[in-house]
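Report on the following structure.
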Protein chains: 2
Amino acid sequence: MSEDTPTGESDTATLFRFLNEVAIVAQLSGNAFEKVMPGTMTLPQFIVLNHLVRLGDGRTPLRIANALQVSKGAMTNTLGHLERAGWIAVRPDDVDRRSKRVDLTGAGREAHAAAIDALGPELAWLAGAVPPARVRAALPLMEEMRRALDVRRG
Amino acid sequence: MSEDTPTGESDTATLFRFLNEVAIVAQLSGNAFEKVMPGTMTLPQFIVLNHLVRLGDGRTPLRIANALQVSKGAMTNTLGHLERAGWIAVRPDDVDRRSKRVDLTGAGREAHAAAIDALGPELAWLAGAVPPARVRAALPLMEEMRRALDVRRG
DNA sequence: CCAATGTAGTTCGATGTCGAACAATATAGT
DNA sequence: ACTATATTGTTCGACATCGAACTACATTGG
């Protein structure tokens with residue numbers, strides 16, 4: 001949520017508007033993706049699966065939470081849903097018994113592949129609607145902003 | 001939530017990464033703002049107040065919901081919190097009795113001003129951490145993307 | 001004038017998020 | 001070794017979001 005439309009203003013005002021747009025785009029794109037995702041899979045669930053598929057499973061919940069910038073509590077919640085869906089398996093870590101390890105199941109990899117397939121057309125449509133060159137050009141800015149906010153957070 | 005880091009890839013892959021970053025920046029900036037907001041005010045509540053202060057009050061809930069791109073149900077919820085806080089007053093519309101009208105209260109304007117004051121330093125810090133010129137340059141892209149997603153939604 | 005449709009708002013259930021409190025376990029410092 | 005501190009994960013309450021079902025009222029077409 002967020003919005004509005006000023007005129008010709010200060011750096012902070014522009015930044016504020018920019019963050020408004022960022023929030024709306026995040027919301028709308030998230031909703032659009034959830035609508036095409038197969039079955040009961042939600043976006044946060046897909047993002048965790050995608051993370052494990054791409055960077056490897058066997059990670060700890062905390063490591064995943066940090067990588068995806070969500071709280072431990074949020075990760076506990078999402079991993080619970082993924083496990084109940086049969087898409088991941090969680091095992092204890094014998095070396096550090098406070099910890100757990102998260103593995104993908106075969107069903108999890110299949111569900112991820114299905115989601116990727118479903119997302120393709122949506123992404124292709126959006127790539128056709130906005131100039132990819134400008135998206136590419138703006139990526140570093142978003143990454144910098146993310147890093148800056150992440151640092152400030154601690 | 002979202003994340004990851006590929007290499008040199010297709011337009012849709014870049015777009016996907018871009019949307020990941022957008023989602024994280026939205027989340028982190030939202031959290032950062034909520035942390036400095038005065039009292040019990042949340043970000044969605046501030047955004048509604050800000051909308052009313054800048055574009056004028058007396059609007060209907062549905063009109064606000066559409067402008068801010070949230071569902072009617074979400075707006076009912078947020079307006080309820082704002083009303084209980086004494087920051088807005090909701091009155092029936094005598095012309096169209098299905099409708100309501102949302103007015104700011106004096107306390108609401110004061111709370112908004114206090115929030116703006118609290119947000120200032122945060123925005124100034126972020127404006128110092130990322131090049132404002134690049135933010136300005138990227139704004140139109142975000143607006144286009146928002147419009148594209150909004151159209152697709154219907 | 002009435003029936004069919006459309007629109008404004010509310011309610012509900014599922015999901016997600018944060019942050020704080022808590023338990024279990026590990027590590028460090030003396 | 002033992003105590004103090006740090007880390008991992010869970011739980012809980014408050015808030016937010018969507019989307020679908022539902023009520024109340026308005027508009028449109030015959």
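The values are calculated or read from the model by the stated rules, or taken from the named source; none is laboratory data. If you're wondering where the values come from, they're calculated on a predicted model, not measured in any experiment. As a convention, Cβ positions derive from the backbone with ideal geometry for all residues, glycine included, and neighbour counts pool all protein chains shown. Accessible surface is based on the protein model in full, side chains and every heavy atom, while ligands, DNA and RNA are left aside. Shrake-Rupley method; radii C 1.70, N 1.55, O 1.52, S 1.80 Å.
For the range A:37-153, averaging the sequence separation of C-alpha pairs within contact (under 8 Å, six or more residues apart) and dividing by the residue count gives a relative contact order of 26 percent.
Distance between the pseudo-spin-label points of A:N66 and B:I116 (7 Å out from Cα toward the beta carbon): 4.1 nm.
Here A:H81 sits with roughly 80 square angstrom of accessible surface, probe radius 1.4 Å. Rounded to two decimals, the Cα-based Rg/Rh of the range B:41-153, with Kirkwood Rh, is 1.03. Across the copies of the chain, A:P131 has label points (7 Å from Cα along Cα→Cβ) spaced 1.8 nm apart, shortest distance listed first. For the range B:78-143, what class follows from the C-alpha gyration tensor (a ≥ b ≥ c being the square roots of its eigenvalues): rounded when a/c is under 1.5, otherwise prolate if a/b is larger than b/c, else oblate? Here the range B:78-143 falls in the oblate category. Reported to the nearest whole Å, the Cα centre-to-centre distance from the range A:82-154 to the range B:21-50 is 23. A label point on A:T105, set 7 Å along the Cα-to-Cβ line, lies at 5.2 nm from each of its counterparts in the other copies, closest listed first.
Close amide H partners of A:R101, meaning residues 5 or more places away or on another chain with modelled amide H under 5 Å apart, are A:R91, A:D93.
Listed values for the range A:30-45 are Karplus-derived 3J(HN,Hα) couplings in whole Hz (6.51 cos²θ - 1.76 cosθ + 1.60, θ = phi - 60°), namely x, 4, 4, 5, 4, 5, 9, 5, x, x, 9, 5, 9, 5, x, 5, and x replaces Gly and Pro. Each of B:L149, B:G106, B:A67 was scored by the projection of its Cα onto the charge dipole of the range B:41-153, and the greatest displacement toward the positive side belongs to B:L149; charges sit on the C-beta of Lys, Arg, Asp and Glu. Neighbours of B:A133, meaning other residues whose beta-carbon lies under 15 angstrom from its beta-carbon, give a summed charge of 0 when Lys and Arg score +1 and Asp and Glu score -1.
Solvent-free Debye calculation, one equal scatterer per alpha-carbon of the protein assembly as shown: log10 I(q)/I(0) at 0.09, 0.16 Å⁻¹ equals -0.51, -1.36. A point 7 Å from Cα along Cα→Cβ stands in for B:R63, and the other copies hold the same point at 5.4 nm, listed in rising order. Pick from A:A137, A:A74, A:A118 the residue whose mean-square fluctuation is largest in a GNM of chain A, springs joining Cα atoms under 10 Å. Evaluated over chain A, the most mobile residue of the options is A:A137.
Work out the P(r) tail for the range B:19-75: percent of alpha carbon pairs separated by more than 15 Å, whole number. Beyond 15 Å sits 57 percent of the P(r) for the range B:19-75.
Backbone geometry of the range B:21-26 corresponds, through the Karplus equation with coefficients 6.51, -1.76 and 1.60 at θ = phi - 60°, to 3J(HN,Hα) couplings of 5, 4, 5, 5, 4, 4 Hz, x marking Gly and Pro.
Less than 17 Å apart at the alpha-carbon level, and either on another chain or at least 8 residues along: which lysines does that give for B:K100? Within reach: B:K72. Working note: 222 nm ellipticity from helices only, DSSP H runs with n ≥ 4, each -39,500 (n - 2.57), summed and divided by the residues of chain A, gives -23000 deg cm²/dmol to the nearest 500.
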